[in-house]
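Accompanying notes for the structure given below.
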Amino acid sequence: MRLEEYWGVGPKTRETLAAELGTERAINAIERGDVRALTDAGLPRGRATRILRRATGGEGMEILATSDARSAYKELLDLAVEHAVTERAADRIRVLTPLTAIDDMTARLDAILAAKDAWQALSDDDRTTVLEAYARYDDRDGSDHAAVEVALALLEADVSSGPFATIADLERETLADAAVALGALEGSRVRRGADDELDRLRDALGAVEDMDANALGLIEELRDDGVGDVTAFRDAFEDKILTETQVTIDQVHAAMPTDAADATDFVGGTLRSLRSDLTSAVDERETTVRTDLERVLEDASDEIEQAVTAVTDIAFHLSLAQFAIAYDCTRPQFRTDGDGALSVVNATNLTLAARNGQVQPVTYTLGDHTVTSGSLGAVDDEFAETTRALEATDLPEDERVTVLTGANSGGKTTLLETLCQVVLLALMGLPVPADRAEVTPVDALVFHRRHASFNAGVLESTLRSVVPPLTGSGRTLMLVDEFEAITEPGSAANLLHGLVRLTVDRDALGVFVTHLADDLEPLPPTARVDGIFAKGLNPDLELLVDYQPRFGTVGRSTPEFIVSRLVANASDRSERVGFETLAEAVGNDVVQRTLADARWNPT
């Protein structure tokens, strides 16, 4: 395959990669998904990532049918990358794509959840040891030496289950010797500290070189000390060398010339001879030490190779395990039978959780799921009433398409995003942020966020992006937010009704967020309407919303709550009079009761 045949590799990119890596190495880097190799060759990280996503997971990327679906996908990867334990692991996460085979999704889930269990079973001290070793691995740019040190740290932590099992059979003593050898070698040179005798010879050579560079000054120094005759000068010079250079007296005597014409010739000749002898001794000793070290590495080559591969794979799975731990993610169940299902129990929105920490979980169902009301679990006490009502009622089981209605700022868009996140994570073989989730893999994910652009061009481009996936082969999931925002209300209701019917007719799954539910009647039998309701104002006059949808019920906007807040917060009398006029329009008694409840009955 030629470089230019890869998606995103044009003439300029091909020339850059070929010049920096060579064609064969560049192709190998693309096939391996090696972001580092491409960025080191000069490609921007974003471009390198896009090329590799298409090269290693092109079919999976085709599932992302809209720009909003691709945006949500990238947001999830960004959140996961924050938990990467190495830069190389971060690069591998960045090129993850949706998978097309359930076996592949399951295999990745198995590895990540096994890593999660093994990691959580370690002591805090052992986890710290491993993470510190991985930090050194990054500092050394993923060198073999750093990888072997990480493997030793993992062996020391005695972690051997799941993905960590790949290092369990490594010989610890062999790896330890290899770590010493790798740490001692720097290319063809032996590092300082690897051999005491080599260090002594290098120190002696350095001292002699310093003396030789200042030979004339040394002669003057000896003369200033009152050394006059030849014998005394020779003895003083000998003492100086022995004191400052760590050479032996035999080496000094062997280096002293017997036919020197004067002091300058004698000192210079002695130091030159010592330099030559010591240089030869250093080279000989370094060759001996390097040969021994290389023999150690040759004997341990299989262990080193296995350690390097294992450590990079473990870093990848451990990073995703950390992500799963941070957001309390669990294994999704894949459904391939029936008409398809998408169901979540106590699911949280990762974007909100990353930003705010505490998020009210929601339960939602589409299609032929097996989630039961008794599996809902607990949520915040503030919404316990809704949870009890859900637990006492069988959840909807048949409707594959829903119309989600309710108050502004009620969490409809957040729920849509949550469902999108759950599906994307499941398709990538990653744990999902829910107590339970059932996902039918889809061939096209149509996610459309609300876009407040009101013109024919936006309407046409939106229809071009959301309709073709429905009319193609395969299963489609439609997650569409406030379609009416891009055209006039009357036409929007008609078009949205048509989209709902088309989704039902094509046996797709779908959630449509809208304020036009009453205009969509009658809906097809396999579609239902759900609603999110505001509950009032809290003592700070902030809107209090129960984000858990009520199934089969049209949610209502609650302007009286907003007007109540405006009346209470009016800055002057004339402004208050204006808002009180609006209060009369929406129901003055409701507004006053809302204000009284917020001030005196906050619970």
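The values are calculated or read from the model by the stated rules, or taken from the named source; none is laboratory data. Nothing here was measured: the structure is a model prediction, and the numbers come from that model. Here the Cβ is made from the backbone with ideal geometry for all residues, glycine too, and neighbour counts use every protein chain on show.
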Have a look at ILE486, ILE532 and point out the one that is within 30 Å of PRO441 (Cβ to Cβ), of a type outside the set (D, E, K, R), assigned by TED's automatic domain parsing to the domain that holds LEU445 and modelled with pLDDT under 75.
ILE486
Read through the list (1) touching a Lys or Arg at 6+ places or on another chain (Cβ under 6 Å); (2) modelled with pLDDT under 90; (3) of a type outside the set (D, E, K, R), then give the number of the only condition that LEU198 fails.
(2)
Of all helices (runs of 4 or more DSSP H) completely enclosed by the range 224-302, which ones contain at least 2 residues that are under 60 Å from the mean Cα position of the chain (by Cα) and surrounded by fewer than 17 Cβ atoms within 10 Å (Cβ to Cβ)?
230-245, 263-299
I'd like the full set of residues that are more than 18 Å from LEU293 (Cβ to Cβ) and hydrophobic (A, V, I, L, M, F, W, C), limited to the range 160-208.
PHE164, ALA165, ILE167, ALA168, LEU170, ALA204, LEU205, ALA207, VAL208
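Would you please name the residue that is nearest to the chain's Cα centre (by Cα), looking only at residues in the range 309-320 that are buried (at least 19 other Cβ atoms within 10 Å of the Cβ) and not small (Gly, Ala, Ser)? First the steps, then the outcome.
Going through the range 309-320, the residues buried (at least 19 other Cβ atoms within 10 Å of the Cβ) turn out to be 310-311, 314-320.
Subset that is not small (Gly, Ala, Ser): 311, 314, 316-318, 320.
Values: VAL311: 17, ILE314: 14, PHE316: 9, HIS317: 11, LEU318: 11, LEU320: 7 Å.
Result: LEU320.
Hey, which of the helices (runs of 4 or more DSSP H) in the range 63-169, taking only ones fully inside, have at least 3 residues that are under 16 Å from the mean Cα position of the chain (by Cα) and farther than 23 Å from PRO431 by Cα? I'd like the intermediate steps shown before the answer.
On the way: elements: 67-81, 87-94, 102-121, 124-139, 144-156.
Per the criteria, 124-139.
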Listed residues LEU419, LEU477, LEU470, LEU445; which is assigned to a helix (DSSP H, G or I), out of contact with any Ser or Thr (no Cβ under 7 Å at 6 or more places or on another chain) and under 30 Å from THR100 (Cα atoms)?
LEU419
Hey, does the range 325-342 have a residue that's within 30 Å of GLU171 (Cβ to Cβ), under 23 Å from the mean Cα position of the chain (by Cα) and either in the same structural domain as LEU479 (by TED's automatic domain parsing) or buried (at least 22 other Cβ atoms within 10 Å of the Cβ) (or both)?
no
Only one of GLY193, GLY183, GLY217 is free of Cβ contacts under 8 Å to residues at least 12 places away in the same chain and more than 30 Å from VAL267 (Cα to Cα); which?
GLY193
Kindly provide the set of residues from the range 170-201 that are in a helix (DSSP H, G or I) and crowded, with 20+ Cβ neighbours inside 10 Å, ordered by number.
LEU175, ALA178, ALA179, ALA181, LEU182, ALA184, LEU198, LEU201
Only one residue in THR16, THR49, THR39 is closer than 30 Å to GLY472 by Cα and not acidic (Asp, Glu), so which one is that?
THR49
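Quick grid of which residues meet (1) surrounded by fewer than 20 Cβ atoms within 10 Å (Cβ to Cβ); (2) of a type in the set (A, V, I, L, M); (3) in contact with a strand residue (DSSP E or B) (Cβ under 6 Å, 6 or more places away or on another chain); (4) modelled with pLDDT of 90 or more:
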position: THR363; (1), (2), (3), (4): no, no, yes, yes
position: VAL379; (1), (2), (3), (4): yes, yes, no, no
position: ASP394; (1), (2), (3), (4): yes, no, no, no
position: GLU399; (1), (2), (3), (4): no, no, yes, no
position: VAL432; (1), (2), (3), (4): no, yes, no, yes
From the options THR336, THR279, residue that is under 30 Å from ARG223 (Cβ atoms) and among the β-branched types (Val, Ile, Thr)
THR279
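Going by the structure shown, is THR418 within 23 Å of the chain's Cα centre (by Cα), closer than 29 Å to ALA321 by Cβ and crowded, with 24+ Cβ neighbours inside 10 Å? Write out each step before concluding.
Working: within 23 Å of the chain's Cα centre (by Cα): yes; closer than 29 Å to ALA321 by Cβ: yes; crowded, with 24+ Cβ neighbours inside 10 Å: yes.
Considered against the rule, which asks whether it is within 23 Å of the chain's Cα centre (by Cα), closer than 29 Å to ALA321 by Cβ and crowded, with 24+ Cβ neighbours inside 10 Å, THR418 comes out as yes.
What residue, of GLU132, GLU149, is buried (at least 20 other Cβ atoms within 10 Å of the Cβ), charged (D, E, K, R) and farther than 28 Å from PRO441 by Cβ?
Only one candidate qualifies: GLU149.
Test of understanding: among VAL130, VAL95, which residue is of a type in the set (Val, Ile, Thr) and closer than 20 Å to ALA326 by Cβ? Quick ask: steps written out before the conclusion?
Details: VAL95 fails: closer than 20 Å to ALA326 by Cβ.
On inspection, the qualifying residue turns out to be VAL130.
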Would you mind finding the one in LEU43, LEU21, LEU99 that is touching a residue at least 60 places away in the same chain (Cβ under 8 Å) and either outside the structural domain of ALA315 (by TED's automatic domain parsing) or crowded, with 21+ Cβ neighbours inside 10 Å (or both)?
LEU99
